[in-house]
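A.B. asks: Got a structure for you, written out below as structure tokens; questions coming shortly.
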Amino acid sequence: MPDHSLPAPALAAPPEVPWPADTLTRVPYWVFQRADVAALEQTRVFRGDTWNYLCLEAEIPDAGDYRASTLGGVPILAVRDHDGEIYAFENRCVHRGALIALEDFGNAREFTCVYHAWSYDLQGNLKGVAFKDGINGQGGMPECFRMSDHQPRKLRTAVVAGLVFASASDTVPPIEEYLGEQILERIERVLGGRKPEVIGRFTQALPNNWKLYVENVRDSYHASLLHLFFTTFELNKLSQKGGLIVDESGGNHVSYSAIDREAEAKVAAANEYAAQNIRSESGSYRLKDPSVLAGMDEFGDGVTLQILSVFPGFVLQQIQNSLAVRQVVPRGTDRTDLHWTYLGFKDDTPELRRMRLKQCNLVGPAGYVSMEDGCVGGFVQRGVVGASDRMAVLEMGGSDAESTRTRATEASVRGFWKAYRAHMGL
Amino acid sequence: MIGLPDIMAAQARYARCIDDGRLEDWPGFFLPDCVYRITTAENHRLGFAAGLIWADSLGMLQDRVAALREANIYERHAYRHVLGLPLLEEAGADGTRSETPFLVARIMRDGATDLFATGRYLDLWRADGDGPPKLAERIVVCDSSRVDTLLALPL
Ligand code: FES
Ligand SMILES: [Fe+2]
């Protein structure tokens, strides 16, 4: 799918150290530091042969509803037209380049640029030019000017289980193929046939390169080591099984853990319920109000955690009953915006909705099991200063980027780099 | 009857408690069945119920402190709260409501000082015996929709 016939990468200067071509286990730190790499990513990754999440279908339910976003740094509008379809086009006036829409979201009958009032329909077609015929026969646009010759760039859009994706590429494969069956299935598992409802939106400004965050999302190795909430409060159960799915491209992944019903039954049979906690030494801590973790098995499959990523910058999260989508937006070499949209479903029972709200505490910038992810990328970004000629080591769980039954692996991190290198031609 | 001086005094003590790093004392400003939530102006305006922190019991606030002390990992930092004047609303059957603007500077371990958050406290106060009034509800509405890096210490 990525174009391997790309010309040599347009880096301003040769890299500080060559990136070994024959292994996925090394990542040179210069990829997190160089402005020329960041610029190239915008064209080859985000505006390249990729699908990028824009918003939820449920956020623009009615004709004229729109949401502004960016794709590869380019301002984009996603709009619902009267035909019920969603259109995406660059939020840039074809006259002299001003933003067409200034709000982040809203409802419009048409879009009118504030600068000289050129107007557009809901599909982004130029429909009106102020004073086109001049005033009192003076001025105006020349006879030969045709509005149809001047159109904002349109993007391809695709809707998957209520998620709106867009691509600036004409050659990207259809979204179903891009995601692959296994990823699609796990998106459907959470969102399929449901009516999602936004229950909160937050933006976390990360002090690091965007790739350090998407690595972290795919890094199942760190979870129990960096995030100590569950072990501190003795909430880790032995009777958990899990695994990792990495798709063929490497760029998409799912990491999951589930209650192992067999193991649980054995424990129960042995009447050792009390012993199923990993740590049970005295002097440890207990939650005063454990209701935060009284989750419900709403999908009926015992999966308590499913983190799913789509290359390059999309994440779908289920941590117990806490559901969210995350959009990763680069803001230069050492800044990233992480947009969280917390979800429920229209048919949530009051109890389930309350549980989702309580479990807000687990995720996001103040999340018990995720606040560390907000700062750890910055620790790397600061740590690798002056080390552009050095490399990260990704050998946990071997050297491949394949699906596995263990989470003690960096397979999906290697997968990300596999896809990244293919897109970047690096 | 809860008056303006009572609320101002409670606010001042609340801010000093957090800024001095006495997190263990922080839940003591709340009643047992309290609500504490941190959200943003946009979420508040749109009626979105989620929060960066969402608690509906004193136990959840105590757990928050325990997690910050024992489990969560973040760089050492402190806040400096600067509070504006509380605006008191008519006392109702469920207590006295007030709105108080705040600025919070964040001082990192290397001395870097940023304006971390601005916003307002939407509070519901109730008398607690002869002692100072306590919070039955505090909705922290941050003006900006962005949070820098992470939000560890409470606002
Ligand atoms: S720039 Fe939009 S009308 Fe002139
Ligand atoms: Fe993490």
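A.B. asks: List the accessible area buried at the contact between B and A, summed over both sides and calculated with a 1.4 Å probe, in Å² to the nearest 100.
C.D. replies: Details: alone 8440 and 20030 Å², together 25080 Å².
Interface area, both chains combined: 3400 Å², rounded to the nearest 100.
A.B. asks: Using the crude model of +1 on Lys and Arg Cβ and -1 on Asp and Glu Cβ, and no other charge, please compute the dipole size for chain A relative to its Cα centre, in debye to 20. Don't skip to the answer; put the middle values down first.
C.D. replies: Values: 44 positive and 54 negative charges, 177 e Å.
Roughly 840 debye for chain A.
A.B. asks: Dipole of the stretch B:4-142 (Lys/Arg Cβ +1, Asp/Glu Cβ -1, origin at the Cα centre): which of B:GLY129, B:GLN11, B:GLY21 lies farthest to the positive side?
C.D. replies: Positive-end residue among those listed: B:GLY21.
A.B. asks: Could I ask something else about it? Given that compact globular proteins tend to follow 2.2 N^0.38 Å, what is the ratio of the alpha-carbon Rg of the protein assembly as shown to that value? Before the final figure, lay out each step's value.
C.D. replies: On the way: Rg = 25.8 Å, N = 581, 2.2 N^0.38 = 24.7 Å.
Normalised Rg, Cα atoms only: 1.04.
A.B. asks: Sticking to Cα atoms, compute the Rg of the stretch A:366-426 to one decimal and its Dmax as the biggest Cα-Cα distance, whole number, in Å.
C.D. replies: That works out to 14.2, 38 Å for Rg and Dmax.
A.B. asks: Quick check: net charge around B:THR96, other residues with Cβ under 10 Å of its Cβ, Lys/Arg +1 and Asp/Glu -1? Write down the numbers at each step before the final one.
C.D. replies: Values: positive: B:ARG97, B:ARG126; negative: B:ASP6, B:GLU89, B:GLU90, B:ASP94, B:ASP123.
That sum, taken over residues with Cβ under 10 Å, equals -3.
A.B. asks: I would also like to ask the following. For the stretch A:34-193, count all C-alpha to C-alpha pairs, find those more than 26 Å apart, and express that count as a whole percent of the total. Intermediate results must be reported in sequence, preceding the final value.
C.D. replies: On the way: 4557 of 12720 pairs.
Of all Cα-Cα distances in the stretch A:34-193, 36 percent exceed 26 Å.
A.B. asks: Still on this structure, I have one more. Just going by the charge dipole of the stretch A:1-112, with Lys and Arg at +1 and Asp and Glu at -1 on Cβ, which of A:VAL37, A:ILE60, A:ALA108 is farthest out on the positive end?
C.D. replies: It is A:VAL37.
A.B. asks: Which loop-located chymotrypsin sites (Phe, Trp or Tyr not before Pro) does the stretch A:145-197 contain, where loop means any DSSP state but H, G, I, E or B and the Cβ has at most 12 other Cβ atoms within 10 Å?
C.D. replies: Working: sites: A:PHE145, A:PHE165, A:TYR178; in loops: A:PHE145.
Counting only loop positions with at most 12 other Cβ atoms within 10 Å, the chymotrypsin sites (Phe, Trp or Tyr not before Pro) in the stretch A:145-197 are A:PHE145.
A.B. asks: May I pose another question? Using a 1.4 Å probe on the protein chains only, how many percent of the accessible area of chain B belongs to carbon and sulfur? Mind dumping the intermediate values first?
C.D. replies: Numbers: 3580 of 6710 Å².
C and S fraction of accessible area: 53 percent.
A.B. asks: Of A:LYS241/A:LYS266; A:LYS211/A:LYS288; A:LYS132/A:LYS154, which sit over 26 Å apart, Cα to Cα? Mind dumping the intermediate values first?
C.D. replies: Working: A:LYS241/A:LYS266 14 Å; A:LYS211/A:LYS288 37 Å; A:LYS132/A:LYS154 24 Å.
Distance filter (> 26 Å) returns A:LYS211/A:LYS288.
A.B. asks: Still on this structure, please answer the following. Loop sites only, by DSSP: take the trypsin sites (Lys or Arg not before Pro) in chain A that have at most 12 other C-beta atoms within 10 Å and name the longest stretch containing none of them.
C.D. replies: Values: sites that count: A:ARG96, A:ARG109, A:LYS132, A:ARG146, A:ARG279, A:ARG286, A:LYS346, A:ARG405.
Excluding the exposed sites themselves, the longest stretch runs over A:147-278.
A.B. asks: Next question. Rounded to the nearest 500, what is the protein assembly as shown's calculated 222 nm mean residue ellipticity when only DSSP H runs of at least 4 contribute -39500 (n - 2.57) each, over all residues? Before the final figure, lay out the partial values.
C.D. replies: Values: 13 runs with 120 residues, N = 581.
After summing the helix terms and dividing by the residues of the protein assembly as shown, the value is -6000 deg cm²/dmol.
A.B. asks: Can I ask one more? To the nearest 0.05, what FRET efficiency results for B:ARG22 and A:ARG335 with a Förster distance of 25 Å applied to their C-beta separation? Don't skip to the end; give the middle numbers.
C.D. replies: Working: r = 34 Å, r/R0 = 1.34.
Efficiency at R0 = 25 Å is approximately 0.15.
A.B. asks: Which of A:VAL17, A:SER167, A:TYR368 sits closest to the plus end of the dipole of the protein assembly as shown, meaning its Cα is farthest towards the positive end, when Lys and Arg get +1 and Asp and Glu get -1 on the C-beta?
C.D. replies: A:VAL17
A.B. asks: Here's something else I'd like to know. Could you give the dipole magnitude of chain B about its Cα centre, charging the beta-carbon of Lys and Arg +1 and that of Asp and Glu -1, in debye to the nearest 20? Walk me through the numbers before you get to the answer.
C.D. replies: Numbers: 17 positive and 23 negative charges, 70 e Å.
Magnitude of the dipole: close to 340 debye.
A.B. asks: I want to verify the translational diffusion coefficient of the stretch A:218-259 in µm²/s; compute it with Stokes-Einstein, Rh as the Kirkwood radius over Cα pairs, at 10 °C and 1.306 mPa s. Before the final figure, lay out each step's value.
C.D. replies: Values: Rh = 11.8 Å.
Estimated via Stokes-Einstein, D reaches 135 µm²/s.
A.B. asks: Follow-up. So in the protein assembly as shown, which Cys have no other cysteine's beta-carbon sitting under 4.7 angstrom from theirs?
C.D. replies: A:CYS55, A:CYS144, A:CYS360, A:CYS375, B:CYS17, B:CYS34, B:CYS142
A.B. asks: Moving to a separate point now. If I build a Gaussian network model for chain A, linking alpha-carbon pairs within less than 10 angstrom, which residue out of A:TYR285, A:TYR53, A:TYR120 has the largest mean-square fluctuation?
C.D. replies: In the Gaussian network model the winner is A:TYR285.
A.B. asks: Another one. Choose one answer from A:LEU99, A:LEU287, A:LEU352: the residue with the largest mean-square fluctuation in a GNM of chain A with alpha-carbon springs under 10 Å.
C.D. replies: Taking springs between Cα atoms under 10 Å, the residue moving most is A:LEU287.
A.B. asks: Right, another one. Work out, step by step, the length gained on full extension between A:ASP36 and A:VAL74: first 0.36 nm times the residue separation, then minus their alpha carbon distance; give nm to one decimal. Could the numbers behind the result be given before it?
C.D. replies: On the way: separation 38, 0.36 × 38 = 13.68 nm, distance 1.71 nm.
Full-extension gain reported as 12.0 nm.
A.B. asks: Residue by residue through the stretch B:126-142, which ³J(HN,Hα) values in whole Hz follow from phi under the Karplus form 6.51 cos²θ - 1.76 cosθ + 1.60 (θ = phi - 60°), with glycine and proline marked x?
C.D. replies: These are the phi-based 3J(HN,Hα) values: 9, 5, 10, x, 8, x, x, x, 10, 7, 8, 7, 9, 9, 8, 9, 6 Hz.
A.B. asks: Ok, one more. Would you mind computing Rg(Cα) / (2.2 N^0.38 Å) for the stretch B:32-100, counting N as its residues? Working shown, then result.
C.D. replies: Numbers: Rg = 15.2 Å, N = 69, 2.2 N^0.38 = 11.0 Å.
Ratio of Rg to 2.2 N^0.38 Å for the stretch B:32-100: 1.39.
A.B. asks: I'd like the orientation of helix B:4-19 relative to chain B: the angle between its Cα long axis and the longest Cα principal axis, in ° from 0 to 90, rounded to 10.
C.D. replies: Compared with the principal axis, the helix lies near 20 degrees.
A.B. asks: Further, regarding this structure: Counting pairs of alpha carbon atoms under 8 Å apart in space and at least six apart in sequence, what relative contact order in percent does the stretch A:102-228 give? Write out the running numbers ahead of the final one.
C.D. replies: Working: 82 pairs, mean separation 13.9, N = 127.
Dividing the mean separation by the residue count of the stretch A:102-228 yields 11 percent.
A.B. asks: May I ask you to derive the FRET efficiency for A:TYR115 and B:ALA105 from their Cβ-Cβ distance with R0 = 51 Å, giving the value to the nearest 0.05?
C.D. replies: Numbers: r = 38 Å, r/R0 = 0.75.
Calculated transfer efficiency: 0.85.
A.B. asks: Pop out the Kirkwood hydrodynamic radius of the stretch B:4-142 from its pairwise C-alpha distances, inverse of mean 1/r, in Å to one decimal.
C.D. replies: On the way: mean 1/r = 0.0636 Å⁻¹.
Taking the inverse mean of 1/r over all distinct Cα pairs, the stretch B:4-142 comes out at 15.7 Å.
The values are calculated or read from the model by the stated rules, or taken from the named source; none is laboratory data. Owing to the predicted nature of the structure, the values given are computational and were not obtained by experimental measurement. In this analysis, Cβ positions are derived from the backbone assuming ideal geometry, glycine residues included, and neighbour counts consider all displayed protein chains. Calculation scope for accessible area: heavy atoms of the full protein, side chains included, ligands and nucleic acids excluded. Shrake-Rupley method; radii C 1.70, N 1.55, O 1.52, S 1.80 Å.
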